[in-house]
Amino acid sequence: MTYRVLVVDDTKFMRKMLRDILEKFGHDAVGEAENGTIGIQKYKELKPDFIMMDISMPEVDGVEAVRRIKEYDPYAVVLICSAMSQQEQISEALKAGAVGYIMKPFKPEKVNEVIFK
């Protein structure tokens, strides 16, 4: 099954890495955003199947972006991308409505495995 995915991360390199991984497994990275504010706007425009959202970003961080997206669309599917040192923020994002998380640095097979959970 192919998914349409929005990639939200403040680092261009990470967005490209995720896009490449998604495309390797046959998914369509339909958009990118460099912060939560733009991520929320792009979600509303593009209506992706799910979002891969970084936690630490300028303007609106990933936790707040998850809250706002879930307020807009309670059925939105968000996967958090984070570093191991962000356990507290991961918990907050899950409470806000994220359905899972992927740890950085990304391993392509692990990303695909989490997508299909």
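The values are calculated or read from the model by the stated rules, or taken from the named source; none is laboratory data. Treat the numbers as computed from the prediction; the structure is a model and nothing was measured. Note: ideal-geometry Cβ built from the backbone for every residue, glycine included; neighbour counts use all protein chains shown. Note: areas computed on protein heavy atoms with side chains; ligands, DNA, RNA excluded. Shrake-Rupley method; radii C 1.70, N 1.55, O 1.52, S 1.80 Å.
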So what's the back-of-envelope 222 nm ellipticity for the chain, counting only DSSP H runs of four-plus at -39500 (n - 2.57) apiece and dividing by all residues, rounded to 500?
-> -13500 deg cm²/dmol
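What is the percent carbon and sulfur in the accessible area of the chain, measuring with a 1.4 Å probe over the protein chains and ignoring ligands?
52
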Got a sec? What order do GLU109, GLU59, GLU64 fall in by accessible area at 1.4 Å, biggest, i.e. largest, first?
-> GLU59, GLU109, GLU64
Counting alpha carbon pairs within less than 8 Å and at least 6 residues apart, what relative contact order, in whole percent, applies to the chain?
-> 22
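Let me check something: with ligands and nucleic acids excluded, how do LYS44, LYS104 order by accessible area (1.4 Å probe), largest to smallest?
Of LYS44, LYS104, the descending order of accessible area is LYS44, LYS104.
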Potential lengthening between LYS110 and GLN87 on full extension [0.36 nm per residue; Cα-Cα distance subtracted] = 6.4 nm
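Report the percentage of all Cα-Cα pairs in the chain whose separation exceeds 17 Å, rounded to a whole percent. Intermediate results must be reported in sequence, preceding the final value.
Working: 3167 of 6786 pairs.
More than 17 Å apart: 47 percent of the Cα pairs in the chain.
At 1.4 Å probe size, with every protein chain present, just tell me what the per residue accessible area of the chain comes to in Å². All intermediate terms of the calculation are to be shown ahead of the outcome.
Details: 6110 Å² over 117 residues.
Per residue, the chain has 52 Å² of solvent-accessible surface.
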Roughly how much of MET17 is accessible, in Å² to the nearest 10, using a 1.4 Å probe?
-> 50
Under 1.5 on a/c is rounded, so check that first for region 59-107, then, if it is not, pick prolate when a/b is larger than b/c and oblate when it is not; a ≥ b ≥ c are the square roots of the alpha carbon gyration tensor eigenvalues.
-> prolate
Let me know the shape class of region 1-70, please: from the alpha-carbon gyration tensor, a ≥ b ≥ c as square roots of the eigenvalues, rounded when a/c is under 1.5, otherwise prolate if a/b is greater than b/c, or oblate.
-> oblate
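With +1 assigned to the C-beta of every Lys and Arg and -1 to the C-beta of every Asp and Glu, and no other charges, what is the dipole magnitude of region 1-82 about the Cα centre in debye, to the nearest 20?
Details: 12 positive and 15 negative charges, 37 e Å.
Roughly 180 debye for region 1-82.
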Give me the percent of DSSP beta bridges within region 21-117 that run antiparallel, rounded to the nearest 5.
-> 0
Go through LYS24/LYS110; LYS47/LYS70; LYS12/LYS104; LYS47/LYS104; LYS12/LYS95 and tell me which ones have a Cα-Cα distance over 19 Å in this structure.
-> LYS47/LYS104; LYS12/LYS95
